[in-house]
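Novice: Okay, handing you the structure first.
The values are calculated or read from the model by the stated rules, or taken from the named source; none is laboratory data. Treat the numbers as computed from the prediction; the structure is a model and nothing was measured. A quick note on method: Cβ atoms are made from the backbone with ideal geometry, for glycine too, and the neighbour counts reach across all protein chains shown. Side chains included, ligands, DNA and RNA excluded: accessible areas come from the protein's heavy atoms. Shrake-Rupley method; radii C 1.70, N 1.55, O 1.52, S 1.80 Å.
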Amino acid sequence: MYLCVGAGFSCAVIARKLAEAGKKVTVIDSRSHIAGNCFTERDAETDVMVHTYGPHIFHTDDKEVWDYVNSWASFKPYINRVKTTSQGKVFSLPINLHTINQYFDKTLSPSEAKEFINSIADKSIGEPVTFEEQAMKFVGKDLYEAFFKGYTQKQWGLNPSELPASILKRLPVRFNYDDNYFNHQYQGMPEDGYTKIVENILDHENIEVKLELPYEKEMLEAYEHVFYSGPLDSYFDFKHGHLSYRTLDFKQEIHDGDYQGTAVMNYGDVEVPYTRITEHKYFSPWESHDKTVIYREYSRLCEADDIPYYPIRIVGGKDMLDKYVAEAKLTKKVSFIGRLGTYRYLDMDVTIREALDAAEITLSKINNNEPVPALFVNP
């Protein structure tokens, strides 16, 4: 018997692979539903498919992962086209040729735009260490302040000079008119939402799902091994302190017709208290609805009873994490998985990739009577 703590993608994928190999698996979750933060459901008043914990768009270059999710659900083509309101105007993100020309009131060609951005970029910065340095070296002061500085302060509650450069490396600058937010080969949205995918993955005779059941340490004795996708620091009763997370508050509103004409509108000005507004019917553009559901999204520091979303990896702030990783490596019969168990921001495709790999390693270890690793990746 094996125990999976959490009913999101990490545990669902591992549970299914073990179940198909003939192992009995129990999946528990402290919430009243499966699918974790990917949970989707129909709004009762509007029938719009709502991403309850914020929007999730599936994108990947991993064909095996793409084929895997498509084996559990029907995916529709979906391109994430993000807009941002900044300084009283609307622009497209990521920064592309249209953004550059519109912001600076120019008609630059791709080569002219490259030369122009290079001329305004901060060449005094060698290897960027912080978010701010990365942005200044990338696009210069004006674009940094218009599109990144205020939004980042609201999202992370920190000055961009305190955040690592790696956060911004995920955001491209394009010298053409391509406003597809992602570069990945495979992009789409499940026709019936993400909850249905997880439900299908967990639908196996060797898997038992128990909801509204928090993990207790005493459970360990009843199982051969535990896969834990909860917060890493929580497992060790916060003995080294609380790892820092940002959480999100959503203010839902229902309106007639259309509200903003797009799925995601960021707000770059720090004076606007929310980071973005998401309009959920646009995540299912193949559907038609008379009413619309929007979420105003507010970011703040995660407290004890909040849902942790984004780990705050401050420049130079690794000591506490290192202590928990050392504790994890010494723990017997438990593997720490997923974004919370490894204290990392993970896109869905990476989460699934790591779960597939973890399941393969686990089955190999079991077959060879070897211990299952406490960590499959190094946080």
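Novice: Can you confirm whether K196 is of a type in the set (K, R), open to solvent by 40 Å² or more (accessible area, probe 1.4 Å) and not in a loop (DSSP other than H, G, I, E, B)? Let's see the steps before the verdict.
Specialist: Working: of a type in the set (K, R): yes; open to solvent by 40 Å² or more (accessible area, probe 1.4 Å): yes; not in a loop (DSSP other than H, G, I, E, B): yes.
So K196 fits the description; yes.
Novice: Output the residue which, of all residues in region 253-305 that are closer than 17 Å to K149 by Cα and among the basic types (K, R), is surrounded by the fewest Cβ atoms within 10 Å (Cβ to Cβ).
Specialist: Per the stated criteria, the residue is R300.
Novice: Give me the residue from region 72-106 that is farther than 30 Å from P190 by Cβ and part of a loop (DSSP other than H, G, I, E, B) and, out of that set, most open to solvent (accessible area, probe 1.4 Å).
Specialist: Residue satisfying both the conditions and the ranking: D105.
Novice: Is there a residue being open to solvent by 40 Å² or more (accessible area, probe 1.4 Å), in contact with a Lys or Arg (Cβ under 7 Å, 6 or more places away or on another chain) and assigned to a loop (DSSP other than H, G, I, E, B) anywhere in region 326-347?
Specialist: Yes, region 326-347 has at least one match.
Novice: For region 1-71, give me every one of the strands (runs of 3 or more DSSP E) that falls completely inside it and has 3 or more residues that are of a type outside the set (K, R) and either crowded, with 22+ Cβ neighbours inside 10 Å or modelled with pLDDT of 95 or more (or both).
Specialist: Values: elements: 2-5, 25-29, 40-42, 49-51, 58-60.
Because the criterion is at least 3 residues that are of a type outside the set (K, R) and either crowded, with 22+ Cβ neighbours inside 10 Å or modelled with pLDDT of 95 or more (or both), the strands (runs of 3 or more DSSP E) in region 1-71 that meet it are 2-5, 25-29, 49-51, 58-60.
Novice: Condition test on Q155, is it out of contact with any helix residue (DSSP H, G or I) (no Cβ under 9 Å at 6 or more places or on another chain), closer than 26 Å to P311 by Cβ and open to solvent by less than 20 Å² (accessible area, probe 1.4 Å)? Show your work before the answer.
Specialist: Values: out of contact with any helix residue (DSSP H, G or I) (no Cβ under 9 Å at 6 or more places or on another chain): yes; closer than 26 Å to P311 by Cβ: yes; open to solvent by less than 20 Å² (accessible area, probe 1.4 Å): yes.
So Q155 fits the description; yes.
Novice: Out of I361, I352, which single residue is in contact with a helix residue (DSSP H, G or I) (Cβ under 6 Å, 6 or more places away or on another chain) and in a helix (DSSP H, G or I)?
Specialist: Values: I361 fails: in contact with a helix residue (DSSP H, G or I) (Cβ under 6 Å, 6 or more places away or on another chain).
Testing whether each residue is in contact with a helix residue (DSSP H, G or I) (Cβ under 6 Å, 6 or more places away or on another chain) and in a helix (DSSP H, G or I) leaves just I352.
Novice: Also, I was wondering about something else. So, L243, is that one under 21 Å from Y345 (Cα atoms), among the aliphatic types (A, V, I, L, M) and part of a strand (DSSP E or B) or not?
Specialist: no
Novice: Within region 170-177, can one find any residue that is farther than 28 Å from T52 by Cβ, in a loop (DSSP other than H, G, I, E, B) and of a type in the set (S, T, N, Q)?
Specialist: Here is the first cut: in region 170-177, the ones farther than 28 Å from T52 by Cβ are 172-177.
Narrowing further to those that are in a loop (DSSP other than H, G, I, E, B): 172-177.
Next, only the ones that are of a type in the set (S, T, N, Q) stay: 176.
Within region 170-177, one or more residues are farther than 28 Å from T52 by Cβ, in a loop (DSSP other than H, G, I, E, B) and of a type in the set (S, T, N, Q).
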